[in-house]
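Here's the structure we're looking at; comments come further down.
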Amino acid sequence: MIKGVATKQLKFIPDERGRLMEILRNDDEMFIKFGQVYLTTTYPGVVKAWHYHKEQDDYITCIKGMLKLVLYDSRERSATKGELNEFFIGEYNPMVVKVPAMIYHGWKCISDEEAIVINVPTEVYDRQKPDEYRLDPHKNDIPYNWERKDG
């Protein structure tokens, strides 16, 4: 192999909700510097929610299909405590959304095909001690209903 060239075999990790594939981590031997980049997918109609991080910010982009990305501020001392933000992102509205630490977030695939998402968190995912704090997508104190709103 040419000096300086490196390869890393990638693999998808599937489950009943979709797929995930880590692309590049800052702890990879070939990497120079930053947090992590990963790809995840969501099947049509599936909700992946709710969670927040204490340390990391997320930068979420949907590159195929469409997502309804929802954020909720539950921070006690926040001027926007209790506020919800809804973003419709993907092929028809390309956008990156920065999700700060301590903000609950999740999404629903609203396209007829699988949505493909790239996330660039500011920290590396620690499999031994994940910075993820989860709630059930439907049974929780967040005032949000994932159903489609016609009208």
Residue count for segment 73-96, restricted to those that are over 20 Å from Glu114 (Cα atoms) and part of a loop (DSSP other than H, G, I, E, B): 10
Candidates Phe12, Phe88 - the one that is out of contact with any helix residue (DSSP H, G or I) (no Cβ under 6 Å at 6 or more places or on another chain) and at pLDDT below 90: Phe12
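Applying the selection to segment 109-135, what residues are free of Cβ contacts under 8 Å to residues at least 40 places away in the same chain and closer than 24 Å to Glu76 by Cα?
Pro130
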Filter pass, Ile63 being under 14 Å from the mean Cα position of the chain (by Cα) and either modelled with pLDDT of 90 or more or on the phi < 0 side of the Ramachandran plot (or both): yes
Test: residue in segment 103-117 that is more than 18 Å from Tyr38 (Cα to Cα), of a type in the set (S, T, N, Q), modelled with pLDDT of 95 or more and in a loop (DSSP other than H, G, I, E, B): yes
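Residue-wise test of (1) surrounded by fewer than 14 Cβ atoms within 10 Å (Cβ to Cβ); (2) hydroxyl-bearing (Ser, Thr, Tyr); (3) touching a residue at least 40 places away in the same chain (Cβ under 8 Å).
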residue: Gly35; (1), (2), (3): no, no, yes
residue: Tyr43; (1), (2), (3): no, yes, yes
residue: Trp50; (1), (2), (3): no, no, yes
residue: Met66; (1), (2), (3): no, no, yes
residue: Glu83; (1), (2), (3): yes, no, no
residue: Glu91; (1), (2), (3): no, no, no
residue: Ala101; (1), (2), (3): no, no, yes
Given (1) part of a loop (DSSP other than H, G, I, E, B); (2) at pLDDT 95 or above; (3) surrounded by 13 or more Cβ atoms within 10 Å (Cβ to Cβ); (4) not aliphatic (A, V, I, L, M), number of the condition Lys54 does not satisfy: (3)
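The values are calculated or read from the model by the stated rules, or taken from the named source; none is laboratory data. Keep in mind that this is a model prediction, so the values were computed, not measured. A quick note on method: Cβ atoms are made from the backbone with ideal geometry, for glycine too, and the neighbour counts reach across all protein chains shown.
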